[in-house]
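The values are calculated or read from the model by the stated rules, or taken from the named source; none is laboratory data. Quick caveat, the model's predicted, so the values are computed rather than measured. Note that each Cβ is placed from the backbone with ideal geometry, even for glycine, and that neighbours are counted across all protein chains shown. For the accessible areas, the whole protein counts, side chains as well, though only heavy atoms, and no ligand, DNA or RNA atoms are used. Shrake-Rupley method; radii C 1.70, N 1.55, O 1.52, S 1.80 Å.
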Amino acid sequence: MGSTLLMAKTFLKIFSKDRQSIFFTLFFPITFMAIFGFINTGSEDAIEIGVVDNAGNAFSAEFVDALGRHPLFAVTVGDEGALKEKVVEGDLALVLILPEDFRGKENPADLTMLVDAAQARQTAMLRPLIEHALLDLEREMRAIEPLFPLTVVDVEARSQRYIDFLVPGLLALTILQISVAGSGYNIVEYRRKGILKRLFVTPIRPRDFIGGLVLARLVLTVIQVTFLLAVAVVLLDVPVVGNVFELLVLIFVGSAIFLSMGFCMGSLAKTQQAIMLLGNLITLPQMFLSGVFFSIESMPEVLQPVANVLPLTFVVSSLREVIVNGLSLAEQIPTMIGLAAWLAITLTLAIRLFRWKQVAS
């Protein structure tokens, strides 16, 4: 045990002297969080629309004024040619044309909506919004009460900002990067420098070396994830709804999975080029397919079955459920089964592939 702690202390000292690694592992995720956090702190932008008032009467002026007060829209009034050009350039979402016979409450008139047909998805979303807004304006101008008024009650007491969704994913990604770099990349680097060969002829046992490396990486992971979470909570007002102890459990389990994965990579790769290629092959697909930056449900259906079984997906999902939704680990049985399965698979492979003589040579 003493040798293991000594090795862990040594590895921590080595890492503390690598300022470049500290910079990228600590501040890159924080920069990511800060960018997305400040982008999402403001209120949602109003939809930019144009209005062509061909009627030019008191009633049309009242209509345009009422539309301008609607919280969903930012209205620009002008002539048809100029506003149409703005739709083409993407400065306006649509243009609403009021006809000349748009005179009064008892004279219905057909309105024309100019849109960019190439933006089919946007058009499909905007049309019901415009129709609903026009219905609200008609009721307001005619002083008519809706027959079925709808009261919306939010039963969720939690924020649903994008930054709240993003933070658990970044924490899981951090666990992956620190763990894989701390085992796979370090083993190849120590082999290249001859450190492993020198250690092999010392009284240090393989389990002390591996135990020290694992312990050092667990300490670094806990420190970094705690630091990132503190930044998210204090500066970005991200709530942590669930149990902090269960977060630590997930950090340890996730680290164990990815450390084992790193040992497998370090055992297979013999050069820095090989470990970099192997590392990218394993980490990059998980980075983009595991729900770190966007939900798996929004991916193409052909990718979802693969994304749902990736190890990082289980870590991201569980962290998100604990932090955002406040679920306990006991309420995440399928996810816990997935984590246990991956832990068993990666540990078995690491034990079979990692041979001290072969790795050190």
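Structure notes:
- Rounded if a/c under 1.5, otherwise prolate or oblate - the range 226-279, Cα gyration tensor axes: oblate
- Between Asp110 and Phe227, the modelled label-to-label distance comes to 6.6 nm, taking each label 7 Å out from Cα in the direction of the beta carbon.
- A simple spin-label model places the labels of Ile333 and Met299 2.6 nm from each other, with each point 7 Å out along Cα-to-Cβ.
- Percent accessible area from carbon and sulfur atoms, the range 273-338, protein chains only, probe 1.4 Å: 72
- Couplings 3J(HN,Hα) of the range 90-103, computed from phi: x, 6, 10, 6, 6, 10, 9, 9, 8, x, 5, 8, 7, 10 Hz, in residue order, whole Hz [Karplus 6.51 cos²θ - 1.76 cosθ + 1.60, θ = phi - 60°; x for Gly and Pro].
- A simple spin-label model places pseudo-atoms 7 Å from Cα toward Cβ; at Val241 and Thr348 they are separated by 3.6 nm.
- Anisotropy class of the range 302-346 from Cα gyration tensor, a/c 1.5 cut: oblate
- Difference of contour (0.36 nm per residue) and Cα-Cα distance, Val219 to Tyr162: 17.6 nm
- Prolate/oblate/rounded label for the range 221-361 (Cα gyration tensor, a/c 1.5): prolate
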